[in-house]
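For reference, the structure discussed in these notes is given below.
The values are calculated or read from the model by the stated rules, or taken from the named source; none is laboratory data. Everything quoted here is computed from the prediction, not taken from an experiment. Positions of Cβ are generated from backbone atoms using ideal geometry, with glycine treated the same way; all protein chains shown enter the neighbour counts. Note: areas computed on protein heavy atoms with side chains; ligands, DNA, RNA excluded. Shrake-Rupley method; radii C 1.70, N 1.55, O 1.52, S 1.80 Å.
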Amino acid sequence: MTISIRSVEKTFGRYPALNGVSLEIADGELLALLGPSGSGKTTLLRAISGLEFPEKGQILFDGRDMTYASAAARQVGFVFQQYALFRHMTLARNIAFGLDVRKGAAKPPKAEIDKRVDDLLNLVELPGLGERYPAQLSGGQRQRVALARALAVSPSVLLLDEPFGALDATVRKSLRKELRRIHDATGVTTIFVTHDQEEALELADRVAILNKGVIEQVGTPQEVHDRPVGAFVAGFVGEANRLEGAVSASHFLGGEITLPAPGAVDGPAVAFVRPHDLVRAPAGEESFFITTDRINLQGPVVRIEGRTPGGLRIEAAFERNSAEGLRSGDKLGLTAQKVYVFSA
């Protein structure tokens, strides 16, 4: 199933939740809608599902206009953050619910439904647990059941709204891998909403970044991280030191910091430097100096926190061998291997 979103607008009172959003989603793609709270990502997901209807624009499924079609007519599977499982039903009956409620010839035979349930329990790695009830499962297991229930009706599109938001960090990481595995096994076009950039970058084929009802950038995880098109994306995706200043003669000047800015337009600007793009500079080649406040070892990486003489806070990340002998309070010369500069 391909999905085309064309100039979609949706307001709530005076608040523009979606402001001329256009997006193409390929058949079989796993797409993340990433953005801060209030960016419009959940509203867009609900518009795709048929739970919300836009005031303007179109939503096409395989070229068919589904803008105002019901959720049932769209044949989508929806996984909510809070699972929404029926507590009085076994896992098997929860998974089978969408098939059990079908009428007439649309309802498969019981044996076929039972086999579908068993296949899905195996797919989500919960074999033999069909007779248990939701209260007997962990949060991660309940989320797997919710995913199986959404897949039971063979949806044309699978939609997930913050699917791992209610889970602890360890379980979230495990389920990310499971979702990717299940997506690859089923091939269903999948769209999920998240505000967790690590989740989006790890899972998705492409990421659409929303801000204030507008899509700022769409691209692969590497593209949105390494080639941000604007200041919002550069500051939101990945870690970055944000510097305010101006560009003059192909250099960014921010207080006591001077950084190369080839091709940047002269005038007020904002620069972003990722911690891992800062390196210790040989004497005489420093772009700027910091005094180290904190040195934090994180496996093979050493994270440095410090301040420039003018009090600007800077974070750097080195490989361990690059930080040997460094102590808190030391003066450290740095230079940037990559800088993102945008007109302010």
Answer from VAL237, VAL214, VAL265 - the residue that is touching a helix residue (DSSP H, G or I) at 6+ places or on another chain (Cβ under 6 Å) and among the hydrophobic types (A, V, I, L, M, F, W, C): VAL237
Count, please, the residues in region 42-94 that happen to be open to solvent by less than 20 Å² (accessible area, probe 1.4 Å), out of contact with any helix residue (DSSP H, G or I) (no Cβ under 6 Å at 6 or more places or on another chain) and under 22 Å from GLY165 (Cα atoms). 4
Condition broken by ALA146, with the remaining ones in (1) over 30 Å from LEU60 (Cα atoms); (2) surrounded by 20 or more Cβ atoms within 10 Å (Cβ to Cβ); (3) small (Gly, Ala, Ser) satisfied: (1)
Counting only residues that are under 21 Å from PHE192 (Cα atoms), in contact (Cβ under 8 Å) with a residue 40 or more places away in the chain and not hydrophobic (A, V, I, L, M, F, W, C), give me the strands (runs of 3 or more DSSP E) lying completely in region 1-118 with at least 1 of them. 3-12, 15-25, 56-61, 76-79
Yes or no: region 125-136 includes at least one residue that is over 25 Å from LYS177 (Cα atoms) and open to solvent by 50 Å² or more (accessible area, probe 1.4 Å). yes
Total residues in region 317-332, condition surrounded by 10 or more Cβ atoms within 10 Å (Cβ to Cβ) and among the charged types (D, E, K, R): 4
Residue list for region 1-30, filter: of a type in the set (D, E, K, R) and more than 25 Å from SER156 (Cα to Cα): ARG14
Of the residues that make up region 294-306, is at least one among the polar types (S, T, N, Q) and open to solvent by less than 40 Å² (accessible area, probe 1.4 Å)? no
